[in-house]
Amino acid sequence: MARVLIAGCGDVGTALGRRLAGRGDTVFGLRRSAFDGGPGITPLQGDLTRPDTLAGLPAGLDQVVYAAAADDRTEGAYEAAYPGGLSNLVAVLAARGESLQRLIFVSSTAVYAQQDGERVDETSVTLPGHFTGRNQLAAEAVAADAPWPAMAVRFGGIYGPGRRWLLARVERGEACKPGLYTNRIHRDDCAGVLAHLLALDAPQPVYVAVDDAPAPQCEVMDWLARRLGGPAPPRTGDGAIGGKRCDNRRLKASGYAFIHPDYRAGYGAMLAHEEQTGRD
Ligand SMILES: NC(=O)c1ccc[n+]([C@@H]2O[C@H](COP(=O)([O-])OP(=O)(O)OC[C@H]3O[C@@H](n4cnc5c(N)ncnc54)[C@H](OP(=O)(O)O)[C@@H]3O)[C@@H](O)[C@H]2O)c1
């Protein structure tokens, strides 16, 4: 049984922590604010951008998952949350001689600049033009340089309970762009993938983690509109091919079986749950 620190224990981190606790791991979740992570997660307070607040982290850790998110979409916030915070954590743990079996940095498919509908996988070039991807790639490098076996897991757009961004767009009747490819993963699969990779004997250093169905934005929004019983979204743009298609074959070859293999399964489950329970 492992002693695991989830640094940045928010939506994905909490779902992961519950899963790990369920298999018998000792789980610590770190946030700046006080919180109750629920059964099996010991909450810790600290700020990854302030190393002095990390002195009280528990000793004898086996695994660390870094899943903090930037406070806002500014370059400063991204630098602080990704390479900045991860460097601080690595320095604190290395200075006191922790010998981790595994460090995972939760990254994103924003590290790819490809925008012409290309297929991308772990071997594809990463030359992000935007500060979001640049800072996540910089943090991947921090993890790779840490004195422990490290991995970067590149998630596509995360959806799931409480993450209704695309559904809300459809409900508001917003337009979609034909030809624009999009990639996504359900929150529960994010947790499932991370738990799977923490337990894998000989993992690769990088995994792309999206479901089986990179799809044009209009295909997904049309499906959601039909499922909601509303009109198909209007079209916008010139129809040119855009975005990228992320390839999950390495992840699947490692033995991961998706809970929600595509948007129909994931949004279908989410909407069925909302219909049963209502939503705020
Ligand atoms: N959203 C997407 O579609 C997407 C796509 C790909 C990858 N990702 C990545 O997935 C990861 C997990 O995302 P999520 O949805 O679980 O995010 P989330 O729910 O916002 O959780 C992030 C957690 O990090 C904590 N945190 C932020 N800054 C911190 C700091 N300086 N020190 C300590 N804790 C800090 C926050 O709590 P406090 O505010 O209380 O500190 C929060 O609990 C993030 O790295 C994100 O970049 C997201």
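The values are calculated or read from the model by the stated rules, or taken from the named source; none is laboratory data. Predicted, not measured: the structure shown is a model, and the values here were computed from it. Cβ coordinates were reconstructed from backbone atoms using ideal geometry, including for glycine residues, and neighbour counts include every protein chain displayed.
Based on this model, can you work out whether Q136 counts as within 12 Å of the ligand (Cβ to nearest atom), within 21 Å of the chain's Cα centre (by Cα) and at pLDDT 95 or above?
Details: within 12 Å of the ligand (Cβ to nearest atom): yes; within 21 Å of the chain's Cα centre (by Cα): yes; at pLDDT 95 or above: yes.
When the stated conditions are applied, Q136 passes them.
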Within region 69-104, how many residues are touching a Leu at 6+ places or on another chain (Cβ under 8 Å) and assigned to a loop (DSSP other than H, G, I, E, B)? 2
In region 180-206, what residues are closer than 14 Å to A253 by Cβ and within 12 Å of the chain's Cα centre (by Cα)? V193
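Condition check ((1) more than 17 Å from the chain's Cα centre (by Cα); (2) at positive phi) across all residues:
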position	(1), (2)
G24	yes, yes
V27	yes, no
S33	yes, no
V65	no, no
A69	no, no
P83	no, no
L100	yes, no
I104	no, no
Which condition breaks for V142 when tested against (1) away from the ligand (no atom under 16 Å from the Cβ); (2) within 20 Å of the chain's Cα centre (by Cα)? (1)
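Being more than 15 Å from the ligand (Cβ to nearest atom), farther than 26 Å from P214 by Cβ and of a type in the set (D, E, K, R) is the requirement here; does E98 meet it?
yes
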Please verify whether region 110-130 includes one or more residues that are more than 23 Å from L180 (Cα to Cα), within 16 Å of the chain's Cα centre (by Cα) and within 16 Å of the ligand (Cβ to nearest atom). no
Mind checking which residues of region 33-68 are assigned to a loop (DSSP other than H, G, I, E, B), exposed (fewer than 11 other Cβ atoms within 10 Å of the Cβ) and more than 9 Å from the ligand (Cβ to nearest atom)? D36, P39, A55, G56, A59, G60
Condition first: within 19 Å of I6 (Cβ to Cβ) and more than 9 Å from the ligand (Cβ to nearest atom). Now tell me which residues in region 69-87 satisfy that. P83, L86, S87
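Quick one: which of P216, P205, P233 is touching a strand residue (DSSP E or B) at 6+ places or on another chain (Cβ under 9 Å), exposed (fewer than 15 other Cβ atoms within 10 Å of the Cβ) and on the phi < 0 side of the Ramachandran plot?
On the way: P216 fails: exposed (fewer than 15 other Cβ atoms within 10 Å of the Cβ); P233 fails: exposed (fewer than 15 other Cβ atoms within 10 Å of the Cβ).
Only one candidate passes the filter, namely P205.
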